[in-house]
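One structure is given here, and the rest of the page talks about it.
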Amino acid sequence: MVVEGLLFAYNTMPKISIMFWCFLLLPLVFYCSEANQKVGIYELKKGDFSVKLTNYGATVLSVVLPDKNGKLDDVVLGFESLKDYSNDSVYFGAIVGRVANRIGSAQFSLNGVHYKLVANEGKNTLHGGLKGFSDVVWTVKSYIEDSHITFTYNSLDGEQGFPGDLVVSVTYMLVETNKLAIKMEAKALNKATPVNLAHHTYWNLRGHNSGDILSHHLQLFGSNITPVNDQLIPTGETAPVKGTPYDFLEPQEIGSKINELPDGYDINYVLDPSSYKHLRKAVVLRDSVSGRKLELWTNMPGLQFYTSNKLDNVKGKDGFVYKKHAAVCLETQGFPDAVNHPNFPSQVVKPGETYLHVMVYRFTAA
């Protein structure tokens, strides 16, 4: 996606400091990867709100914030040790790419050239292949504990089968009170390439060790979905959610209609448009027990709603065992398999162009 003068409107989301707006408009600075990068843990903290991250996969390890009574809980799933992330098959908290979600038959054609990718989910490519961006060590280029951290990664031509050298930057930034902004950028250096980065955090607003999320209330501002086949590859069509189990246009419990689906939710929503060049409001997620609420804005056209259907007794933080539906993923993104569907919004970035993906979370409790 090429972003042309992306502007943000105050009437579409809570007011954010001038520092944040200036920060988003700064040009992307590119750096070369350093060999033998060490894996570390870094914390962003303002008051009772804290986020721990690692440069392995540019991954969020924890998000701690107060509930309606001031009690602090970690509201994202994850592993007990960094070593466990190197064997992660569920993408806890990671940045996934070069192309997030699925590419059918692990192949596509671009500018007359056919590219065969590394398949890692049957015959398809999921989240960039066997070693996507979630499984590499990123370089820490800027870190201020009460402000932000920036990770960079150089993806080489031919990596997992994708064309061209790509320089990638991801910044996590704390904004005002209990707001987290994520800015993902990528610049193609010498070949056109598809780019679709996504943030794959698993959320449970009652606490990572509290059980399932079926009683969480969700409002999702997407009037259509992109239907999929039995391998979760889009058919190329869009379909309205009205009157189906996928209808969350008004707030309702996630578990209210989940039994009408074979396994749970794992589908891309076509987010409803906002006014011209404004961030779209994508989601409101609320837990009535803790009183916590998550609101999410983005500049992306789609959102993958996933109810952690494949979690199967995964041992996580504090020894807690995560089971099916223990969390929800809300992955703003371009449409899955867009490179094979010309009617979907293009994800192709040409040499010299810059891809930009913005997410802004606001957390409250009442």
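The values are calculated or read from the model by the stated rules, or taken from the named source; none is laboratory data. None of these values were measured; they are calculated from a predicted model. Cβ sites come from the backbone with ideal geometry, for glycine too, and all protein chains shown count toward neighbours. In case anyone asks, the SASA skips ligands and DNA or RNA and just uses the protein heavy atoms, side chains included. Shrake-Rupley method; radii C 1.70, N 1.55, O 1.52, S 1.80 Å.
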Next item on the list: Only residues that are touching a strand residue (DSSP E or B) at 6+ places or on another chain (Cβ under 9 Å) and assigned to a loop (DSSP other than H, G, I, E, B): list them for the range 112-128, please.
Entry: Leu117, Val118, Ala119, Asn120, His127, Gly128
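Taking into account only those residues within the range 73-90 that are of a type outside the set (Phe, Trp, Tyr) and either in a strand (DSSP E or B) or open to solvent by less than 30 Å² (accessible area, probe 1.4 Å) (or both), which is farthest from Val137 (Cα to Cα)? Quick ask: steps written out before the conclusion?
Quick first cut of the range 73-90, residues of a type outside the set (Phe, Trp, Tyr) only: 73-78, 80-84, 86-90.
Add one more test, that the residue is either in a strand (DSSP E or B) or open to solvent by less than 30 Å² (accessible area, probe 1.4 Å) (or both), and what stays is 73-78, 88, 90.
Numbers: Asp73: 28, Asp74: 24, Val75: 24, Val76: 21, Leu77: 20, Gly78: 18, Asp88: 14, Val90: 17 Å.
Looking at the filtered set, the residue picked out is Asp73.
Sort through Thr238, Thr298 and tell me the only one that's over 18 Å from His217 (Cα atoms) and either of a type in the set (A, V, I, L, M, F, W, C) or under 16 Å from the mean Cα position of the chain (by Cα) (or both). Outline the logic, then answer.
Details: Thr238 fails: either of a type in the set (A, V, I, L, M, F, W, C) or under 16 Å from the mean Cα position of the chain (by Cα) (or both).
Exactly one of Thr238, Thr298 is over 18 Å from His217 (Cα atoms) and either of a type in the set (A, V, I, L, M, F, W, C) or under 16 Å from the mean Cα position of the chain (by Cα) (or both), namely Thr298.
Condition first: in a loop (DSSP other than H, G, I, E, B) and over 28 Å from Ala106 (Cβ atoms). Can you find one or more residues in the range 332-350 that meet it? Don't jump to the end; show me each part of the working.
Pass one, the range 332-350, residues in a loop (DSSP other than H, G, I, E, B): 334-337, 341-347, 350.
Then keep just the ones that are over 28 Å from Ala106 (Cβ atoms); that gives none.
Looking for residues that are in a loop (DSSP other than H, G, I, E, B) and over 28 Å from Ala106 (Cβ atoms), one finds none in the range 332-350, hence no.
From the list Ser142, Ser109, Ser147, which residue is at pLDDT 95 or above, open to solvent by 10 Å² or more (accessible area, probe 1.4 Å) and closer than 19 Å to Lys38 by Cβ? First the steps, then the outcome.
Working: Ser109 fails: closer than 19 Å to Lys38 by Cβ; Ser147 fails: closer than 19 Å to Lys38 by Cβ.
Exactly one of Ser142, Ser109, Ser147 is at pLDDT 95 or above, open to solvent by 10 Å² or more (accessible area, probe 1.4 Å) and closer than 19 Å to Lys38 by Cβ, namely Ser142.
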Checklist line | Residues being open to solvent by less than 10 Å² (accessible area, probe 1.4 Å) and over 27 Å from Lys71 (Cα atoms) - total across the range 283-303 | finding: 4
Check: Which of the residues that make up the range 226-254 are buried (at least 16 other Cβ atoms within 10 Å of the Cβ) and within 15 Å of Asn309 (Cβ to Cβ)?
Finding: Val228, Leu232, Tyr246, Ile254
Check: So Asn154 clears everything in (1) in a strand (DSSP E or B); (2) open to solvent by 10 Å² or more (accessible area, probe 1.4 Å); (3) closer than 30 Å to Thr364 by Cα except one condition, right? Which one?
Finding: (3)
Notebook entry, point to check: For Val168, are the conditions met, namely being in contact (Cβ under 8 Å) with a residue 12 or more places away in the chain and either open to solvent by 20 Å² or more (accessible area, probe 1.4 Å) or in contact with a helix residue (DSSP H, G or I) (Cβ under 8 Å, 6 or more places away or on another chain) (or both)?
Noted result: yes
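Condition check ((1) modelled with pLDDT under 95; (2) among the polar types (S, T, N, Q); (3) touching a Pro at 6+ places or on another chain (Cβ under 6 Å); (4) surrounded by fewer than 19 Cβ atoms within 10 Å (Cβ to Cβ)) across all residues:
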{"site": "Pro14", "(1), (2), (3), (4)": "yes, no, no, yes"}
{"site": "Ser17", "(1), (2), (3), (4)": "yes, yes, no, yes"}
{"site": "Val29", "(1), (2), (3), (4)": "yes, no, no, yes"}
{"site": "Ala35", "(1), (2), (3), (4)": "yes, no, no, yes"}
{"site": "Tyr42", "(1), (2), (3), (4)": "no, no, no, yes"}
{"site": "Lys46", "(1), (2), (3), (4)": "no, no, no, yes"}
{"site": "Thr54", "(1), (2), (3), (4)": "no, yes, no, no"}
{"site": "Lys71", "(1), (2), (3), (4)": "no, no, no, yes"}
